[in-house]
Amino acid sequence: MDSKGEKLSVSITGRRILTADGVRSIISFDGAEVSAECDGFTLYVEGENMRIISLSEESGKINICGRIDGVFFRDDNGGKRRTRG
């Protein structure tokens, strides 16, 4: 897997639960935003009343619940890609 993000998988269920594979570590977290380091980019999840249900640094899997308003990706070179929830 040579391309950035090929190890990342993100799924959102009902704008309430986000599951992501390919996460290396959590950069920051509060009830309104979670930012996580992935291979070559940062994953941002924005919303309200968000909680990290589970995180496994071994498998790179994270589960977040709360109201999910948006999912964003920032490349290491600073470019930002945006996906609305």
Å² of accessible area per residue within segment 27-81, as computed with a 1.4 Å probe and no ligands counted: 51 Å²
Karplus-derived HN-Hα couplings along segment 51-66 (A = 6.51, B = -1.76, C = 1.60, θ = phi - 60°), whole Hz, x at Gly and Pro: 9, 8, 6, 8, 8, 10, 5, 5, 8, x, 10, 10, 10, 10, 10, x
For segment 9-15, Karplus couplings with θ = phi - 60° (6.51, -1.76, 1.60), whole Hz, Gly/Pro x: 9, 10, 10, 10, 10, x, 6
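The values are calculated or read from the model by the stated rules, or taken from the named source; none is laboratory data. Every value quoted in this text rests on a predicted model; they were computed, and no experiment measured them. In case anyone asks, the SASA skips ligands and DNA or RNA and just uses the protein heavy atoms, side chains included. Shrake-Rupley method; radii C 1.70, N 1.55, O 1.52, S 1.80 Å.
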